[in-house]
């Protein structure tokens, strides 16, 4: 990253803060519910309708606001407001991403337009499978409507428990798995916080995000299917690994440059694998849960390229990873890949429902900087008068990459994100100097097990948590 690129990002563009304020007004109204609107929530809803007056949603959002002010909370009115809120956040996402692409000269693919229906065709380009049961979708919408009526402050154990039957029905329908898992996660968060009225602070933006997305996914007929995946073959050059760890799940998301066979321009892609876990499995032990993907893990640990054959690639840039259709390639330095191939790689389009500022995570390379630590412990990279905050809170505990190494580094390969009104860098790999020699630390270095002797001894003393749990599970199954 050059100083001019960093300066080109800026803090925010015209209208971004205003759009986020409109979304914040809607979210504040959700705190106490929409059953009895006070003066401030009414003004926030009216402002939301005014902001969307020149969009295709204008009439529906205006009608929804009028009905809600009059005390009517029908599904179609809440859906219109959820769509309007998502449209505003999508516009903010597009503006931020356009600024990032312009600063880095990054080209980006366009989202394919929906193909026109062919009455003469027996079926579409892809079989969407049987439609989701309408009664299950209606049950999901009903519970989401109850949340909107009660507001977050009105959520108690009874309201959360009312979702159980609907969630069980939704989880049993494969085509509704995306919606079901989302609702299950929202219900679990609310259950852990109930009664919400006793909480000092609420994650109002996050919960409203989950509610809006769920309501859009729960529409009759289901969310429209996107374009079909294409089948690709070629060479995958990993840039870094982003580990998303939860108490009950872990996901590994590998950002990479893909060189298609046949000489087509390189593309930015992601390859993700995940596994269920329990809260006691933490640190380097989580890699054992992903041992069913040895080619991908080996490429990270050994810093190798991967040759892939006939893997599905979604229009949003996600590879449907199948380890048996991949084989190890030659050594590939992620820093060299970022320096030589990343600038010319075409970034993927963003699916419509994923257009949200929090979703932005673009791989970038920053070099020849100095680091500065603030009094509150915050770390920034300083480059010719430009500053870039570093989000060390996102560093996973299963890697050798630590805030101390980031503070000593002179080159960083990471994900550029938009968080709390400014750009932040999430490190995936750093280059630093130790005893006058260059050294590197990557988030995927321990994918095949820790290499630090101290960590290996600590793991040996604490025991193999994954092995113990598997043995216990085996005993239960043999009974």
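The values are calculated or read from the model by the stated rules, or taken from the named source; none is laboratory data. Computed from a prediction, not measured in an experiment: that's the story for all the values here. Here Cβ is always computed from backbone atoms with ideal geometry, including for glycine, and neighbour counts include all displayed protein chains.
Structural remarks
- Within segment 190-204, the set of residues being closer than 17 Å to residue 248 by Cα and either buried (at least 16 other Cβ atoms within 10 Å of the Cβ) or touching a residue at least 24 places away in the same chain (Cβ under 8 Å) (or both) comprises 190, 191.
- For segment 424-447, a residue qualifies if it is within 12 Å of residue 240 (Cα to Cα) and assigned to a loop (DSSP other than H, G, I, E, B), and the qualifying residues are 443, 444, 445, 447.
- Taking segment 221-234 as the range and being farther than 16 Å from residue 322 by Cβ and out of contact with any helix residue (DSSP H, G or I) (no Cβ under 6 Å at 6 or more places or on another chain) as the test, the residues that pass are 221, 222, 224, 225, 226, 227, 228.
- None of 310, 354 is over 20 Å from the mean Cα position of the chain (by Cα), over 16 Å from residue 413 (Cα atoms) and exposed (fewer than 15 other Cβ atoms within 10 Å of the Cβ) except 310.
- Residues that are part of a strand (DSSP E or B), within 20 Å of the chain's Cα centre (by Cα) and touching a residue at least 40 places away in the same chain (Cβ under 8 Å), drawn from segment 208-244: 238, 239, 240, 241, 242, 243
One line per residue, one yes/no per condition, for (1) touching a residue at least 12 places away in the same chain (Cβ under 8 Å); (2) closer than 30 Å to residue 464 by Cβ; (3) surrounded by fewer than 17 Cβ atoms within 10 Å (Cβ to Cβ); (4) touching a strand residue (DSSP E or B) at 6+ places or on another chain (Cβ under 7 Å):
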residue: 366; (1), (2), (3), (4): yes, no, no, yes
residue: 377; (1), (2), (3), (4): no, no, yes, no
residue: 384; (1), (2), (3), (4): yes, no, yes, no
residue: 390; (1), (2), (3), (4): yes, no, no, yes
residue: 409; (1), (2), (3), (4): yes, no, no, yes
residue: 413; (1), (2), (3), (4): yes, no, no, yes
residue: 446; (1), (2), (3), (4): yes, yes, no, no
residue: 450; (1), (2), (3), (4): yes, yes, no, no
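Yes/no matrix, rows are residues, columns are (1) modelled with pLDDT under 95; (2) touching a helix residue (DSSP H, G or I) at 6+ places or on another chain (Cβ under 8 Å); (3) more than 30 Å from residue 7 (Cβ to Cβ):
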residue: 89; (1), (2), (3): no, yes, no
residue: 102; (1), (2), (3): yes, yes, no
residue: 119; (1), (2), (3): yes, no, yes
residue: 140; (1), (2), (3): no, yes, yes
residue: 152; (1), (2), (3): no, yes, yes
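Yes/no per residue for (1) buried (at least 21 other Cβ atoms within 10 Å of the Cβ); (2) closer than 20 Å to residue 441 by Cβ; (3) in contact (Cβ under 8 Å) with a residue 60 or more places away in the chain:
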residue	(1), (2), (3)
246	no, no, no
259	no, no, yes
262	no, no, no
265	no, no, yes
268	yes, no, yes
278	no, no, yes
287	yes, yes, yes
291	no, no, no
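- Residue count, segment 28-41 (criterion: under 19 Å from residue 201 (Cα atoms) and crowded, with 21+ Cβ neighbours inside 10 Å): 3
- Some residue of segment 30-43 being under 27 Å from the mean Cα position of the chain (by Cα) and assigned by TED's automatic domain parsing to the domain that holds residue 151: yes
- Of all residues in segment 160-170, those satisfying the criterion of being crowded, with 16+ Cβ neighbours inside 10 Å and in a helix (DSSP H, G or I) are 160, 166, 167, 169, 170.
- Taken as a whole, the condition of being over 27 Å from residue 440 (Cα atoms), surrounded by 19 or more Cβ atoms within 10 Å (Cβ to Cβ) and either assigned by TED's automatic domain parsing to the domain that holds residue 249 or in contact (Cβ under 8 Å) with a residue 40 or more places away in the chain (or both) does not apply to residue 296.
- Residue pairs whose Cβ atoms lie under 6 Å apart, separated by 6 or more positions or on different chains, with the first residue in segment 1-28 and in a loop (DSSP other than H, G, I, E, B) and the second at pLDDT 70 or above and surrounded by fewer than 18 Cβ atoms within 10 Å (Cβ to Cβ), are 11/422; 13/95.
- Strands (runs of 3 or more DSSP E) (entirely within segment 260-335) containing at least 1 residues that are in contact with a strand residue (DSSP E or B) (Cβ under 7 Å, 6 or more places away or on another chain) and at pLDDT below 95: 267-276
- Any chance residue 412 is under 25 Å from the mean Cα position of the chain (by Cα) and at pLDDT below 95: no
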